[in-house]
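In what follows, a structure is listed as C-alpha cells, so that the remarks can point back to it.
The values are calculated or read from the model by the stated rules, or taken from the named source; none is laboratory data. Model, not experiment: these values are computed from the prediction. When we count neighbours, we look across all protein chains shown, and the Cβ atoms used for this are built from the backbone with ideal geometry, even at glycine. These accessible areas exclude ligands, DNA and RNA; they are computed on the full protein's heavy atoms, side chains included. Shrake-Rupley method; radii C 1.70, N 1.55, O 1.52, S 1.80 Å.
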Amino acid sequence: LGPESAPHDLGGRKLPGASRALARLMRREGFDLVYSATNATNVISLLARLLARRQAITASVISEHTPLEPFLAAAKWTWPRLAAMRLFYPRAQALCAPMPEIGAEHDGRLPCVLPPFHVLPNAVVAEIPSWPPLADTATRLVSIGRLSREKRFDLAIRAFARLHAQHPDARLTI
C-alpha cells in the first residue's frame, strides 16, 4: 500500500469489540465510505457506523460473495446472525454480490427493506496468458476456494495442464 492507504488493526476482535474499535476509527478518520466484503464484516461495519454516529456522513456498501442458504447452513450462530442482518443490512446504502441470485436470495430470506442491490461480477479471465518459464523446482499449483461452478476451477485445471506439459512431475492441489 502507498502512503495514502494505511491499514488499521482492529485487534482481531469479534463483533462487539471490532465494532467499537472501528467506530473510534471512523470518528477519528472521518471516512466517507466503508466497503465490507463478508457477512461478519458487514455487520461489524454497520454497527460501527451506528456507534460512531456517522449514519448521515459515512456511506456503507456491503457485499456478499456466497449464496445465503449454504452459508447459513454452515455458519455459527445462525439465528443471531439472521437477526443482525435484519437489523443492520437496511442501514447500508447498497448491497453487492457477484451474482443476481445472491441478491434475490437475500431479498426472499430477509423480511426487511434491503438497500438497493447491485451485481459486481467476479473477474473472469477470457484466456490464460502466457508467462515466463517456471523454474525446474516449480511443480506445485495450489488453488484455494469453495468448490462451486462460479469459482471457475476449470481455469485452474487448464492452467495446470499447461504446467504439466512442461513439467510432467507437477501436481495440482485444489
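Worth pointing out:
- Per-region count, segment 34-56, residues within 27 Å of ASN122 (Cβ to Cβ) and either open to solvent by less than 100 Å² (accessible area, probe 1.4 Å) or among the basic types (Lys, Arg) (or both): 14
Matching residues to (1) open to solvent by less than 40 Å² (accessible area, probe 1.4 Å); (2) touching a helix residue (DSSP H, G or I) at 6+ places or on another chain (Cβ under 6 Å):
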{"site": "LEU68", "(1), (2)": "yes, yes"}
{"site": "ALA83", "(1), (2)": "no, no"}
{"site": "LEU95", "(1), (2)": "yes, no"}
{"site": "PRO100", "(1), (2)": "no, no"}
{"site": "PRO111", "(1), (2)": "no, no"}
{"site": "PRO116", "(1), (2)": "no, no"}
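- From the list LEU15, LEU46, the lone residue that is touching a Ser or Thr at 6+ places or on another chain (Cβ under 7 Å) and on the phi < 0 side of the Ramachandran plot is LEU46.
Here is a yes/no grid of residues against (1) within 17 Å of the chain's Cα centre (by Cα); (2) aromatic (Phe, Trp, Tyr); (3) at pLDDT below 85; (4) more than 23 Å from ASN42 (Cα to Cα):
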residue: TRP79; (1), (2), (3), (4): no, yes, no, no
residue: ALA92; (1), (2), (3), (4): yes, no, no, no
residue: PRO111; (1), (2), (3), (4): no, no, yes, no
residue: LEU120; (1), (2), (3), (4): yes, no, no, no
residue: ILE128; (1), (2), (3), (4): no, no, yes, yes
residue: TRP131; (1), (2), (3), (4): no, yes, yes, yes
